[in-house]
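Below you'll find the structure, written out as structure tokens, and then a few comments.
No lab work stands behind these numbers, since they all come straight from the coordinates. On a predicted model such as this, the values are computed, not experimentally measured, just so you know. With ideal geometry, Cβ positions are generated from the backbone for all residues, glycine too; neighbour counts draw on all protein chains shown.
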Amino acid sequence: MDWNILSWLVWLPVIGAGLIVLVPRDKGDTMKWIAAAATAFQLIFAVLLWSQFDSSHVGFQFQEKMSWIASFNIQYYLGVDGLSLPMVLLTALLSFLCVFVSWKIDKAPKGYFALFLLLDAGMMGVFLSLDFFLFYVFWEVMLLPMYFLIGMWGGPQREYAAIKFFLYTLAGSVLMLVAILALYFTCGHTFDMTVLMAQANDGLGSMTWWGFNALKVVWIMLFIAFAIKVPVFPFHTWLPLAHVEAPTAVSVILAGVLLKMGTYGMLRISYPMLPDGAIWFAGALALLALINIIWGALCALAQTDLKKMVAYSSVSHMGYVLLGMAAVVAAGAKNGGNVLAAEAGMNGAVLQMFNHGTITAMLFILVGVIYDRAHHRNIDGFGGLGARMPIYTGVVALAFFAGLGLPGLSGFISEAMCFIGAFPVFKTIVIISTLGILLNAAYFLWAFQRMFLGKLNEKYVDLPEINKRELFTLIPLAVLVILLGIYPAPVLDVMKVTMGHLIQIIQQSSLLAAF
Amino acid sequence: MNDLNIYLTVGAILFSLGLYGVITRRNGVAVLMGVELILNSANVNFVAFARFGGMNLSGHIFAMFVIILAAAEAAVALAIIINLYNKFGTVNVDDARSLKQ
Amino acid sequence: MMTFAPYFLILPLAAFAIQIFFGKRLPRKGDWVSITAVGTTLCLAIAMFVMMLFLYEPGAKAEQSFEWFNLGELSVKIGVLIDNVTVIMLLVVALVSGLVHLYSVGYMKDDPRYSRYFGYLSLFTFSMNGIILSNNLLSIYMFWELVGLSSYLLIGFWFEKDSAANASKKAFLVNRVGDIGMFIGIMLFFTATGSFLFSDIFAGVAAGALPLPLLTVAGLCLFAGAIGKSAQVPLHVWLPDAMEGPTPVSALIHAATMVAAGVYLTFRMFPLFTPEALTVIAYVGGVTAIFAAIIAVTQNDIKRVLAYSTVSQLGYMVMAIGTGAYVAGFFHLTTHAAFKAALFLCSGSVIHAMHHAYHKLGDHDSDPQDMRNMGGMKSKMKITFLTMFMATLALSGVPFMSGFLSKDAILAGTLSFATHHPEHFLLPLFGFGAALLTAFYMFRLIFMTFYGKPAKQEVLDNIHESPATMTTPLIVLATLSIFIVYTLPYINPFSDHGWFTDLIVATNSVVPQHVNPSAHEIAEGIHHAHLPAMIISLIVAFTGIALAVVIYLKKKFSAEKLAKNLALPYKLSFNKFFVDEIYDRFLINPTIKLAKAVGFFDWEIYDKYFINGFGRITERLSRFIGITMDYDVLDQQIVDGVGKSTRFFGGALKFIQTGKIQNYLVWVLGGIIIIFIIQAM
């Protein structure tokens, strides 16, 4: 590809943001259409990328590489493989839909849409960069617009939430920076991920810092950096707050894309660079996954704020991703080299990342819809809306059932794959975490009952039905949720070679013999 | 006590009187007169050193300069005093305290 | 046959989609869409059934698998399996579903969500057919949950009623408890054999892929799914509550088909169960049979009696599988589907009539489902009465009816099992005890509803027979509860030998090391136990009927007095052994409390104190460093100190500056003098 499609993907929103800044202040609609156009083209490029992608090819495609800061060997290096491609599509799709979700933003639309596009660019950059330094830059670039979007367009506690989000994630970033530098100085003075993947494990594995294995130290630093983003228990409490306070579109992006960056980072950086660390940590990861699943579900069950419930459900659902990732050790000799389980787990994890992105986006958009009408989100404050808003109720039912993992909808197959993958190695943990399936069903159905079933709340006899714009933002997601539930192969086909390669990398580690 | 000492003593007395006058007089003109006394004490010293110091006429010449300088100084100082009077309506130097902030 | 299979899925699914999106705008609100879809599947099922009869081959089997997706080495295959069992199940489902569709046209006529109702029915038909056609555990599990979904939607169809909303949620969640077990079972089998296909799993297990104790556990895990779906103790609590749904739904889903899915699964998986697992299954079924029968005796809601009766009958089927007489269990599943659907639809007809009568009288408080309000309806609703009476005879196990044959086969199996394993003598006791109670409570239902006098005479005056769309299904189903339907070409009312037993034959267990008795041994044992079982079951059935006649028809004893004399058992039975209360108290409330506690801890304590604690500590530290150290000490004391001291001294020395040159001169003079003095020294 000679027209640098990846750079277009990253910089298109930036161009859009630049144009928006030039638009006079009172032309709010023009700004929205510019944002829509920028994200629409980005989506088209992403689909194009998908169609041109060679899924049988191991390694990175569409690479773009040039020197950026030569004295430190820093490169502008982009590339895409089966792991990042689903994330790119997800980002492009959600960004496009979110422009329409935020159509009613009338407080300083210029700033809002410019920042939003900047955020979009940052996310795209994270998923596409193959230079660790560039990765870090994009990782940080994304924080800033997020801070302002929450802090200025958020709910009543927005400043608190924004600062907390910013500081919390920044704390993680700092650890990542240290890890990056450690890798840089020990592994040949390069930030090139492909080089680091080949060298980091042996380079760090033989070193000892303060009596600890350097590899483990770096692994832990990277893990905490990514775990905060996922979020992994006990680093999860920024999430409900930030989600609740953020405006709808930002919550969608937060839950739909940002959380995935954590697990993406682990799979892109920690796993291939430090396979020994991945194996060493797998047991702990499975345990953390269990805690995430159960803890998140219990917390969700206790909520009365619908948005907070959905936020905690994300904590629970991201637990499945971790569980699937931990399954990679099933390929170990003790389990008879059960590559099937490792494949199920790893592919399930990435599929779950994608599916959770679509499902949770639907959930947050739906919360936004009802909040725009009723101006509150108290689950107990509704009642019987099913009779008043049948279409809305139908879409919510679809999203809730997808969330609770109903077969035929996309969430089921990825959760099942994560469970099936992890089962041979972590039997007890998986069996306990299946309780999460029950708890998930409990809070979703309970919330559904309290909001939509029973007698119609007198206050809401005139509540307007969901409108066309809102439906427009939901239908593509709903179609994806149903299609991937029935036939997940298109997404799996794209990622399976990459994941298979990753499993091979892990398999080469000597530590795997313990499993 | 030799002769030089007598001249020097006269000079010192003259100087002290002049200094006293400069410090204690309130009237600007009187202060000026004190300054004249000091200058003249210097003249006495110059001439005395010229006479007893075995020098040539340089002391005398310096004394001549001082007299001329004193005349010029008296002219300038009187002009200042007149200006002072114009500005403050008095020639009392205590009232002219613009140096103090 | 294979070519027919896709239509069983596509047609109902398409009908569901059409109903959901366009139903309201179609003529007649689109009921014909669903009816056409299910009618076509019925035709196909009949065609397949006829083909099966012509073939008359017990081992007939067609299977086709395809790859759903693959992940490199892992290839997930799903597919379709059609054998005689499938054909019979498809026919049962299509038939009952078709009749219920027809019946619903009359029953649901004025409902505002008429089209959606038919859409949900189609969704159910789709998922149920999916379970039947699956040849693998994965797609069974998926359709398994989907029938759960349609059950949820239909139980909560009148969601404005809180009781309906609660019941639907309960049904889904209780089923999910079982499903979790099933999922774990699936994972165990998959881990051991690397496939979801029945054939692969059977082959793997036969080759010893799972050690015996683990095989027992895996089998029981799978059975947990059946416990949930088929409402076995201890997960039976959802089924009686599910009666909140419209009555035709109760007939289709909660009596004839969906609840039988558990039995069907256990039946399909029978070769995998070890003797230990089978014993557990037998006891679960036996306990369920007697337990539910005891509860059914004292219920007054006509649908609840039938619901508990369903639970009890499902217990029979499960017990049959557990004792090895699993063909008998499947036979009972088939016959039960017809007569229990008939009973429910008849009760629906009665409720419909009562409802309209109350409506006409302007009475909105009386419960149209309470049997104490009914009575004497025999003369007003002749068709309903006759069909219900026939179905009752079948359920009670009276000769010449289908239920007699199937129940007898089960009891024979149980008896044979107990003769071989005397320590399990309780199982036949459960079986015969439940048979006695069944006969009793069913005739109690008949007498209370159709005989005697109603609570209010004017209600009876307004009772009318239901329209033809409702009575036709009753007649069809009642006809299907005659024994001859199942025994052709033989006509012997005391033997179940017929096409059914010819075409459905037991297969041997695949459990390795021959720990299970072979199919032949089991059949032999049942054959020997046949006669004694029949005699005992006839005796208990007629005893039960006689008791009902004495108490409820002739009123020789007062039922109230009996209840008073047997206060404790009565109370236990009437309150369903307080199972719901126990679950509420010990499972549900603690879970919610735990959730609240965890949520509170997470948000109010962990986040606010621990996580924010970092912020607060940092803030304190920064305040100490930034304010105390930096500002107060460093800046204020040291940096500003230089200036301050200068200022202090300046202030102190300021008085020297008088502005008077003469003063300054004095200082100069003083200075010179000091210098002189120093010089001098």
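Annotations for the structure displayed:
- Using alpha-carbon coordinates, inclination of helix B:28-52 to the longest axis of chain B, degrees: 10
- Region C:293-299 - phi-based ³J(HN,Hα) in whole Hz, Karplus 6.51/-1.76/1.60, Gly and Pro as x: 5, 4, 5, 4, 4, 9, 6
- Rounded FRET efficiency, nearest 0.05, which uses the C-beta distance separating C:ASP367 from A:ILE15 and R0 of 45 Å: 0.05
- Taking trypsin sites (Lys or Arg not before Pro) in DSSP loop conformation with at most 15 other Cβ atoms inside 10 Å as exposed sites, chain B has its longest uninterrupted site-free stretch at B:27-96.
- Nonlocal amide H pairs with C:ASN136, under 5 Å, H built at 1.01 Å: C:GLY79, C:PHE198
- The loop-placed trypsin sites (Lys or Arg not before Pro) in region A:451-503, going by DSSP, that have at most 15 neighbouring Cβ atoms within 10 Å of their Cβ come out as A:LYS455.
- Sorted on the mean count of surrounding Cβ atoms within 10 Å across their residues, most packed first, peptides C:118-125, A:377-384, A:499-506, A:77-84 read C:118-125, A:77-84, A:499-506, A:377-384.
- Amide H contacts under 5 Å for C:ASP301: C:MET371, restricted to partners 5 or more places along the chain or on a different chain, H placed in the peptide plane at 1.01 Å from N.
- Residue-count net charge about C:MET187 - beta-carbon cut-off 13 Å; Lys, Arg +1, Asp, Glu -1: -1
- Sparse-neighbour loop sites [trypsin sites (Lys or Arg not before Pro); region A:91-194; at most 11 other C-beta within 10 Å; DSSP]: A:LYS107
- Loop trypsin sites (Lys or Arg not before Pro), region C:530-613 (other Cβ atoms within 10 Å of the site Cβ: 16 or fewer; DSSP): C:LYS554, C:LYS555, C:LYS556
- Mean per-residue shielding of peptide A:404-416 is 4, counting Cβ atoms of other chains within 10 Å of each Cβ.
- Calculated FRET value between C:ILE582 and C:ASP502, using beta carbons and R₀ = 60 Å, to 0.05: 0.85
- MRE, 222 nm, helices only [DSSP H, n ≥ 4, -39500 (n - 2.57), over the protein assembly as shown, to nearest 500]: -23000 deg cm²/dmol
- Phi-derived couplings, Karplus 6.51 cos²θ - 1.76 cosθ + 1.60 at θ = phi - 60°, listed residue by residue for region C:185-202: x, 4, 4, 4, 5, 5, 4, 7, 10, x, 8, 9, 5, 3, 4, 5, 5, 4 Hz, with x used for Gly and Pro.
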